[in-house]
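Asker: Just passing along the structure, written as structure tokens.
The values are calculated or read from the model by the stated rules, or taken from the named source; none is laboratory data. This is a predicted model, so every value here is computed, not measured. Every residue, glycine among them, receives a Cβ derived from its backbone with ideal geometry; neighbour counts consider all protein chains shown.
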Amino acid sequence: MSEKNVTDNYTVSENGQELKTSKTPFADAPVVLSVNHVGKSFKLPTEQATGLKQAFINWTKGIKGYKTQEVLKDIDFQVHQGEFFGIVGRNGGGKSTLLKIISQIYYPNKGSVSVKGKLVPFIELGVGFNPELTGRENVYLNGCLLGFTTEEIDAMYDDIVEFAELEEFMDQKLKNYSSGMQVRLAFSVAIKAQGDILVLDEVLAVGDEAFQRKCDDFFTEVKKDPTKTVILVTHDMGSVKKYCTNAIMIQDGEIVARGNTESVADRYTLANIEAEKKKGEKAAAKVREQGIYPNGLNERCPILRTYAESGAVCKSSDTFRFAVEYQYDEPGDFYLAIALHDIRRGGITFDTGAKTFKMKEHGHHTVHFEMPLSLFNNGEFRLFTSLRTPSPANPNNTDMVAVAVDERACTFVIRDPRNWDYALINNRVLQIEPVGDDVEITGKVAQIEAQKKGKIGVSVAADDAAETTAATDQAAKTEGK
Ligand SMILES: Nc1ncnc2c1ncn2[C@@H]1O[C@H](COP(=O)(O)OP(=O)(O)OP(=O)(O)O)[C@@H](O)[C@H]1O
């Protein structure tokens with residue numbers, strides 16, 4: 001794996017292959033967090049000695065009674081002032097451990113961390129809060145633990161309470177708060193405290209929809225402030241792309257991708273898809289060996305899974321190829337129906353219909369399909385396949401025998417710099433035409449039109465993907481919420 005100095009260039013590298021490099025706009029800002037070759041391991045107990053005699057026997061046999069788990073291996077990166085820095089990775093990769101080391105909750109076994117400025121962590125709920133104290137007392141206690149003076153907390157108190165929307169509850173004991181209210185208070189203290197570096201584990205930043213919207217607005221604002229630095233651990237690639245200026249991906253305690261947020265997000269999505277595929281293969285093997293049927297399958301159809309045969313991160317110009325593996329031994333007609341689910345927006349975007357694909361082969365078989373993606377804007381999609389037989393009561397209808405869900409469904413994403421993110425269908429394939437002469441088509445759509453008519457030979461630049469009017473932006477924002 002080759003990596004460039006993140007202070008000068010963004011680099012995503014995997015198996016020695018550089019994916020993308022560009023100059024970071026924060027390269028000239030001072031470094032506020034430096035994580036230098038950090039390593040961390042934990043001792044996990046294996047055999048416990050029940051007494052001195054056993055301890056002695058274990059010692060003579062060289063049995064230590066614990067094994068060492070290396071959770072972080074040589075983590076090395078820097079964060080500049082003003083950056084919104086994302087840390088992504090699959091479960092158990094070591095992200096929380098890294099945040100705890102950055103926040104001085106854990107010490108590293110090797111390497112060092114240096115922080116310039118006041119660092120405010122929000123990584124473990126309940127730390128610094130006492131259920132027996134009131135909301136007001138807890139704000140002061142927590143502020144004090146974060147290193148603020150009483151005068152400083154006085155100055156930010158109203159802001160914290162207003163953001164948490166807990167004005168009427170501040171004199172109640174924390175133990176009487178709902179869990180959502182506790183999260184809101186803790187989160188508000190963290191983000192409204194006048195720190196320089198905010199360290200956030202996004203998993204904790206939950207709340208109702210209205211509160212999430214406020215957090216969303218806060219992130220958008222803080223991103224514009226060149227004096228504030230945010231370190232965010234998240235599993236949501238939408239947040240990474242929306243807020244982060246730079247990101248790393250941690251896998252098995254190592255940085256496997258760093259830099260450009262798009263590339264890091266794609267790397268993470270691919271890792272998830274790969275892991276899902278492996279789980280699907282394992283489950284299929286288990287069915288064959290042990291006759292255990294996973295969710296959606298049964299003894300009539302013990303195998304049904306859909307998997308990508310082309311890359312799972314696609315462009316609009318790609319044709320997505322996928323396969324469906326099934327086992328069905330009963331005589332008679334049977335069909336495959338395929339539905340396309342839009343993960344981000346919800347809902348079924350497309351359905352082949354129950355009787356479109358009649359299968360010719362019984363037994364254990366794999367069939368292959370392809371689907372052009374030219375219609376869609378950027379998004380995340382999932383293909384669900386069901387195996388169906390004609391309904392005995394009405395042969396025009398079908399009954400579902402089995403359905404491929406969970407890791408047996410197939411996920412793919414469309415990421416194309418020419419596309420917009422918020423609308424489903426791209427404006428190279430669908431346009432609304434004005435009737436009459438009182439509307440002029442301008443901007444990107446006019447360029448596409450002119451291109452189609454052969455008036456201009458240039459292609460639409462990637463930057464145009466960002467071109468949108470304030471009105472449509474607002475509409476999309478409202479829709480998204
Ligand atoms: N105090 C501890 N003692 C022993 N093992 C620990 C401790 N803290 C973390 N681990 C182990 O370290 C590994 C990484 O955990 P960590 O919580 O850092 O991962 P993560 O990437 O944050 O995961 P997630 O996305 O699920 O939050 C796990 O195997 C976990 O069991």
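Asker: For the range 71-97, which positions are more than 7 Å from the ligand (Cβ to nearest atom) and either under 27 Å from residue 224 (Cβ atoms) or not assigned by TED's automatic domain parsing to the domain that holds residue 196 (or both)?
Answerer: Result: 77, 78, 79, 80, 81, 82, 83, 84, 85, 86, 87, 88.
Asker: Residue 100: part of a strand (DSSP E or B), within 14 Å of the ligand (Cβ to nearest atom) and charged (D, E, K, R), yes or no?
Answerer: So residue 100 fails the test.
Asker: Filter the range 421-449 down to the residues that are closer than 18 Å to residue 378 by Cα and part of a loop (DSSP other than H, G, I, E, B) and list them by number.
Answerer: If the condition is that a residue be closer than 18 Å to residue 378 by Cα and part of a loop (DSSP other than H, G, I, E, B), then 421, 422, 423, 424, 426, 427, 428, 429, 430, 431 are the ones that fit.
Asker: Can you pull out every residue in the range 232-243 that is within 29 Å of residue 109 (Cα to Cα) and either away from the ligand (no atom under 13 Å from the Cβ) or not β-branched (Val, Ile, Thr) (or both)?
Answerer: Once the filter is applied, which keeps residues that are within 29 Å of residue 109 (Cα to Cα) and either away from the ligand (no atom under 13 Å from the Cβ) or not β-branched (Val, Ile, Thr) (or both), the range 232-243 yields 232, 235.
Asker: Strands (runs of 3 or more DSSP E) wholly in the range 178-272 with at least 2 residues that are in contact (Cβ under 8 Å) with a residue 12 or more places away in the chain and polar (S, T, N, Q) - which ones?
Answerer: 246-251
Asker: Identify, from the list 426, 397, the residue that is at pLDDT 85 or above and not assigned by TED's automatic domain parsing to the domain that holds residue 296.
Answerer: 426
Asker: Scan the range 118-137 and report the pairs whose first residue is in the same structural domain as residue 231 (by TED's automatic domain parsing) and whose second residue is at pLDDT below 90 and part of a loop (DSSP other than H, G, I, E, B), with Cβ atoms within less than 6 Å and a gap of 6+ or a chain change.
Answerer: Matching pairs, first to second residue: 118/195; 120/146; 120/193; 120/195; 121/103.
Asker: Does residue 54 count as more than 16 Å from the ligand (Cβ to nearest atom) and either assigned to a strand (DSSP E or B) or buried (at least 22 other Cβ atoms within 10 Å of the Cβ) (or both)?
Answerer: For residue 54, the condition - more than 16 Å from the ligand (Cβ to nearest atom) and either assigned to a strand (DSSP E or B) or buried (at least 22 other Cβ atoms within 10 Å of the Cβ) (or both) - is not met.
Asker: Additional query: Could you tell me whether residue 253 is small (Gly, Ala, Ser), assigned by TED's automatic domain parsing to the domain that holds residue 161 and within 16 Å of the ligand (Cβ to nearest atom)?
Answerer: yes
Asker: Return the residue satisfying two criteria in turn: it lies in the range 64-103 and is free of Cβ contacts under 8 Å to residues at least 40 places away in the same chain and touching a strand residue (DSSP E or B) at 6+ places or on another chain (Cβ under 8 Å), and of such residues it is farthest from residue 30 (Cα to Cα).
Answerer: This residue is 65.
Asker: Sticking with this one: Right, residue 271: more than 14 Å from the chain's Cα centre (by Cα) and either β-branched (Val, Ile, Thr) or within 16 Å of the ligand (Cβ to nearest atom) (or both) or not?
Answerer: Spelling it out, it is not the case that residue 271 is more than 14 Å from the chain's Cα centre (by Cα) and either β-branched (Val, Ile, Thr) or within 16 Å of the ligand (Cβ to nearest atom) (or both).
Asker: Only one residue in 47, 162 is acidic (Asp, Glu) and at pLDDT below 90, so which one is that?
Answerer: Within the list 47, 162, the selection yields 47.
Asker: Take the range 314-348 and flag every residue that is in contact (Cβ under 8 Å) with a residue 40 or more places away in the chain, surrounded by fewer than 16 Cβ atoms within 10 Å (Cβ to Cβ) and in a strand (DSSP E or B).
Answerer: Passing the criteria: 319, 321, 323.
Asker: Are any of the residues in the range 25-34 over 30 Å from residue 196 (Cα atoms), modelled with pLDDT under 75 and not in a strand (DSSP E or B)?
Answerer: No, every residue in the range 25-34 fails to be over 30 Å from residue 196 (Cα atoms), modelled with pLDDT under 75 and not in a strand (DSSP E or B).
Asker: Report yes if residue 113 is within 16 Å of the ligand (Cβ to nearest atom), within 15 Å of residue 32 (Cβ to Cβ) and modelled with pLDDT under 95, otherwise no.
Answerer: yes
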